[in-house]
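The structure under discussion appears below in the form of C-alpha cells.
The values are calculated or read from the model by the stated rules, or taken from the named source; none is laboratory data. All values derive from a computational prediction rather than experimental measurement. Neighbour counts are summed over all protein chains in view; Cβ atoms, including those assigned to glycine, are modelled from backbone coordinates with ideal geometry. Areas reflect the complete protein model, heavy atoms only, side chains present, ligands, DNA and RNA absent. Shrake-Rupley method; radii C 1.70, N 1.55, O 1.52, S 1.80 Å.
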Amino acid sequence: MKKQFLTLVFGLALAQPMLAGTPLPVKLVNNSEFADNEIYVAIIGRNNNHTIYYDFSNNSSDHVAMPELNESANTLTKDGYGWGFADVFTRLDQIADKTIYLDASSSCRLFFSFKSPMYLHAFADGYAGADFGNPTDPNHGIRWELIEYTYGEDTNIWINTTRVDAYQYPMGLELFGSENSWEKYIKRGELMTHEDIIARWKSQHGTDKYAACLKDDITSDDLGPVIVQPSKVAELKNSGFMDDFINQVWSYFHDHDMYVSMGVLGKWKGRVRDDGSFLLTCQEGNYFGVGALATIPRKPTTTDAVEGAGAFATTEAGTKGDLAVQAMFCGAFNRGVVQLTEGLQDWSPEGSDYFNMGTPCNEYVKFFHQLDLTHDGYTYAFAYDDTFDQSSTCHTYAPESITVTIGGFVDRNKEPEETNGISSLTAASAASNDYFTLQGVNAGSHPSAGIYIHNGKKVVVR
C-alpha cells in the first residue's frame, strides 16, 4: 500500500494549541439507503499539538474523550495486509441518540463509511488516508464521505462539506447559531438522491472527456459509481484539457491590458511580460492598497489550475499580493469567468453570469454548483471555486448545534419530479433563513488570513 502520510494541515486549523471548550452537539440524521448498523463514523483531528481521535463510547455533553492517535490504535486488521489499522470507527446504531459532541479540536475530519469501517493506518503523529489513485489501497471499494471542521476553545467553528476529492454520496450540513450570533442558520449540501446525481452526470458528461471521472470501483454496496475530482483522475488531468484556453489568455494579455474586479481584493490591472510572468497592480481596493503588486511567475498548466498548485501557489516572485491573486486566477479558470477583453471584467457571481460566460471551465466544478443539485450552489469542488461567497464553509462564533444529514436533503417521501428529463426529488424545507452568510475569498496561505469587515459584511480570508 502506498502510505500517504497526513500531517493534517487543513486550512481551517487554528494556530494556537487547543484546550477544552464547550461540548457542541452534532445530530446525525440517517436519510440514506443504508441502515444505521451499516454506517460507520469516526473523527480524526488535532488537539494540543497532537493527532487525536474521538472515542464515541465515552462521548457526551459532559465529557468528550479525545485520546491521542498513535500506533497503539492499529488493532483493526484486513486480509491481505501485513499491518494494522486504527480501530476508531463506531457504527451509527451504537452512538447514543445518534448524537456526538465536539470539543476544541482543529483540522478535523468527520468520516462516514458505508458497509465497512475505513482502514486508516496510524503513525506516531498522523495517519495514512485513503488514496483514490491507488488500486491496492485498503479502502479501495469502500464508499465513504466526510465533513471537515475546526472548533476553537473560543467556540468559533468553521465546518464544511467537501467535493475536493470526490463525490461518493449525498451529504447535508446545518449549523445553528445562538440568538446572539450573526449566523443563526446556515445550510449546505446536496438536494438530490445518489441515483439522480449519477444519472445527471451521465446525461451531461457521459460521452465527453469528463466521463473518466465516473469510477465504478465500489464493491461494498450496489449503489453504483462515484464521481472523482479531475486532479485525482490521471488520464483527465494529464490530458491538458485547460491548456488551450490558458494559452489564449496568456497570448491575449501579452498584447492587451487585463482590467479585472476581484471583489474584496479590489480592482487590478496588468499584462503578461516577455518572460511569461503575469504582473498586476492594484488600482483600487481595501485589502491591498493602491499600487500593491501581484505576480503569477509563469504560465500555469491544467494541473496547476485543477490542483491549485504550481504557478497558482507560489511566493517565488516575492510581491505582496501573489498568493491571493493567484488563488483568484485559479478560481476564475475553474469557474470559466476569464474574458479576453480589455474592458473591466468582474469575476464575482454577482457581476457575471456564473459558469455561463461562453469560456471553458472545470465541468466538475460547474456540475456541483448547480442550484437544483446543491443547496444555493454552495460547495467546494476545487480549486478555489468557492471564492466570492460560494463556499460550503459555515461559520459562527456562537454555535448551538449542528445537524449532519447522511443522504442529503432529498425528501424520500415524495414522488420523483421530472426536470429536464432527469428524475429528481425536491429538497426538504429548511428551518429559518434569518442569517448572514460569510463573504469568502481564498488566499492560500497568505499571512494576513483572517476575518475582516468589508462594506458592512464579514469577510473570511483563508
Under-5 Å amide H pairs with T387, H placed in peptide plane, nonlocal only: N442
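So, counting K/R as plus one and D/E as minus one, what does the shell of residues with Cβ under 10 Å around R188 add up to?
Overall, the nearby charge balance is -2.
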query: In terms of modelled amide H atoms, which long-range or inter-chain residues lie less than 5 Å from the amide H of G141?
result: T219
message: Keeping every protein chain present and rolling a 1.4 Å probe, give me the accessible area per residue for region 160-318 in Å².
response: 38 Å²
query: Under a point spin-label approximation (7 Å from Cα along Cα-to-Cβ), what is the D411-D255 distance to one decimal in nm?
result: 5.7 nm
message: Just to check I understand the Karplus step: with θ = phi - 60° and J = 6.51 cos²θ - 1.76 cosθ + 1.60, what whole-Hz values come out for region 382-399, glycine and proline as x?
response: 5, 10, 6, 6, 9, 5, 6, 6, 10, 7, 7, 6, 10, 9, 7, 8, 9, x
query: How far apart, in nm, are two points set 7 Å out from the Cα along the Cα-to-Cβ line at T155 and at T341?
result: 4.7 nm
message: As a test question: what accessible area, to the nearest 10 Å², does D244 have when a 1.4 Å probe is rolled over all protein chains in place?
response: 110 Å²
field: Ordering of 230-240, 373-383 by burial proxy (mean other Cβ atoms within 10 Å per residue, highest first)
entry: 373-383, 230-240
- prompt: Once phi is turned into ³J(HN,Hα) by the Karplus curve 6.51 cos²θ - 1.76 cosθ + 1.60 with θ = phi - 60°, what whole-Hz value does each residue of region 372-380 show in order, with x for glycine and proline?
  reply: 8, 9, 10, 4, 6, x, 7, 7, 9
task: Taking the convex hull of the Cα atoms, report for region 333-375 its projected area averaged over all directions, in nm².
output: 3.2 nm²
statement: Calc'd 3J(HN,Hα), region 334-344, phi into Karplus 6.51 cos²θ - 1.76 cosθ + 1.60 (θ = phi - 60°), Hz, glycine/Pro = x, comes to 5, 8, x, 10, 6, 10, 8, 8, 8, x, 5
